[in-house]
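The values are calculated or read from the model by the stated rules, or taken from the named source; none is laboratory data. Being a predicted model, the structure only gives us computed values, none of them experimental. No Cβ is skipped: glycine too gets one built from the backbone with ideal geometry, and neighbour counts run over all protein chains shown. Quick note on the areas: whole protein, heavy atoms, side chains included, nothing else; ligands and nucleic acids left out. Shrake-Rupley method; radii C 1.70, N 1.55, O 1.52, S 1.80 Å.
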Amino acid sequence: MPEPHPLIVPILEEVGFSGVANLRHLKVDHALITALVERWRPETHTFHFPTGECTITLEDVALQLGLRVDGLPVIGPTLYDWEEMCSTYLGIMPVKGESLIGSMIKLKWLRENMLELPEEPSQEQLHAHCRSYILGLIGGVLMPDKTGNKVHLMYLSLLINLRRTRQYSWGSACLAMLYREMCRATNVSSKTMGGCASLLQSWAWYRMPYIAPISRIPSTFPLVCKWSGDRVLNFQNVPHNDVVGYRSRFDHIQNDQITI
């Protein structure tokens with residue numbers, strides 16, 4: 001997603017998605033994700049290391065992304081007239097069969113056709129633009145599917161009332177999907193993985209600093225800000241895009257190299 005319009009930044013902060021917006025600049029190290037998935041066990045939902053087991057928790061999601069991990073479940077009806085929903089709440093009309101595939105909308109089309117804001121937009125225009133932006137974040141970085149190019153419009157129903165949007169447990173939904181996608185990725189026939197890989201990477205760098213790049217930015221909340229936002233990261237003496245290097249580091253991990 002592009003940089004959020006300055007006028008919707010306060011709304012993103014109010015609904016709890018400002019931390020997620022920071023993920024758009026975090027480049028995923030696929031070698032690190034691969035090395036972690038190789039140590040993931042679906043039976044226990046934990047990573048197995050020579051020193052024992054560990055996993056990413058709801059607390060980690062809250063600390064890394066600033067998302068709520070309690071509150072209302074992220075569920076809702078999925079049978080809507082999606083064209084009418086988009087027109088009413090996004091201010092744009094996707095073309096069925098092209099930009100609207102079933103109940104999913106193409107992210108590229110959504111990014112390129114978000115409602116443009118005038119100099120003095122109405123609250124309705126602001127909210128429509130913000131809904132489009134949050135929907136893009138959900139499908140692009142927070143809960144992407146394996147294709148990474150579409151987002152399900154079922155989430156739009158949870159964005160209708162933006163004041164209520166913050167009450168949903170987006171953090172637990174994000175973690176549940178990441179768990180499911182890592183379990184699927186352990187299958188030898190799997191070639192891609194959905195879920196929030198940026199969250200997994202930021203968690204690994206924070207909990208296992210001996211594999212993390214050097215950042216001159218001190219840790220702040222949410223923790224992902226240390227690595228995102230066009231930060232200059234120094235990868236000297238740590239693996240980077242090197243799955244063999246990560247495997248070796250994990251094979252020889254020591255107890256004092258994991259932050260609890």
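Give the calculated FRET efficiency between residue 70 and residue 221 to the nearest 0.05, with a Förster radius of 22 Å applied to their Cβ-Cβ distance. Walk me through the numbers before you get to the answer.
Working: r = 17 Å, r/R0 = 0.79.
Efficiency, from the Cβ-Cβ distance: 0.80.
Using a 1.4 Å probe on the protein heavy atoms, what percent of the accessible area of the chain belongs to carbon and sulfur?
Values: 6660 of 13040 Å².
The computed percentage sits at 51.
Hey, quick one: spin label on residue 111, modelled 7 Å out along Cα-Cβ, who in the stretch 123-138 has an amide N within reach, i.e. under 16 Å?
132-138
How big is the charge dipole of the chain about its Cα centre, in debye rounded to the nearest 20, if each Lys and Arg gets +1 on its Cβ and each Asp and Glu gets -1 on its Cβ? Walk me through the numbers on the way to the answer.
Details: 24 positive and 25 negative charges, 111 e Å.
With Lys and Arg at +1 and Asp and Glu at -1, about 540 debye.
Would you work out the relative contact order for the chain, in percent, from Cα pairs under 8 angstrom that are 6 or more residues apart? Present the calculation step by step, with values, prior to reporting the outcome.
On the way: 396 pairs, mean separation 76.7, N = 260.
Computed value for the chain: 29 percent relative contact order.
What percent of all Cα-Cα pairs in the chain falls into each 10 Å bin, going from 0 up to the bin containing the maximum distance?
Values per bin, smallest distances first: 7, 29, 34, 20, 8, 1.
So if we plug the beta-carbon distance of residue 252 and residue 120 into 1/(1 + (r/R0)^6) with R0 = 51 Å, what FRET efficiency do we get, rounded to 0.05?
On the way: r = 60 Å, r/R0 = 1.17.
The formula returns an efficiency of 0.30 here.
Going through the stretch 163-260, which trypsin sites (Lys or Arg not before Pro) have at most 12 other Cβ atoms within 10 Å and a DSSP loop state? Each step should come with its number before you reach the end.
Numbers: sites: 163, 164, 166, 180, 184, 191, 207, 216, 226, 231, 247, 249; in loops: 166, 191, 216, 231.
The qualifying sites are 191, 216.
Once label points are set 7 Å from the Cα along Cα→Cβ at both residue 80 and residue 210, what is their separation, rounded to one decimal in nm?
About 4.9 nm, to one decimal.
What order do 220, 165, 55 take when sorted by accessible area (1.4 Å probe), most exposed first? Display every interim value, and only then the final one.
Values: 220 65, 165 0, 55 35 Å².
Sorted descending by solvent-accessible area, the residues read 220, 55, 165.
In debye to the nearest 20, how big a dipole does the stretch 75-167 give about its Cα centre with +1 on each Lys and Arg Cβ and -1 on each Asp and Glu Cβ? Walk me through the numbers on the way to the answer.
Details: 10 positive and 10 negative charges, 100 e Å.
That gives a dipole near 480 debye.
Taking a label point 7 Å from the Cα of residue 55 along the Cα→Cβ vector, which residues of the stretch 182-211 have an amide N closer than 13 Å to it?
Taking a point 7 Å out along Cα→Cβ of residue 55, the residues of the stretch 182-211 whose backbone N falls under 13 Å are 182-183.
Rounded to the nearest 0.05, what FRET efficiency do residue 260 and residue 7 have when you use their Cβ-Cβ distance and R0 = 45 Å?
0.65
Ignoring GluC sites (Glu not before Pro) that are buried or in helix or strand per DSSP, and keeping those with at most 12 other beta carbon atoms within 10 Å, what is the longest stretch of the chain between them? Numbers along the way, then the final one.
Numbers: sites that count: 43, 98, 116, 119.
For GluC sites (Glu not before Pro) (loop position, at most 12 other Cβ atoms within 10 Å), the longest site-free span of the chain is 120-260.
State in Å² the accessible area per residue of the chain; use a 1.4 Å probe, count heavy atoms of protein chains only, and round to the nearest integer.
With all protein chains present, the chain gives 50 Å² per residue.
Summing -39500 (n - 2.57) over the DSSP H runs of n ≥ 4 in the chain and dividing by its residue number, what mean residue ellipticity at 222 nm do you reach, to the nearest 500 deg cm²/dmol?
Numbers: 11 runs with 97 residues, N = 260.
Helix-only estimate at 222 nm: -10500 deg cm²/dmol.
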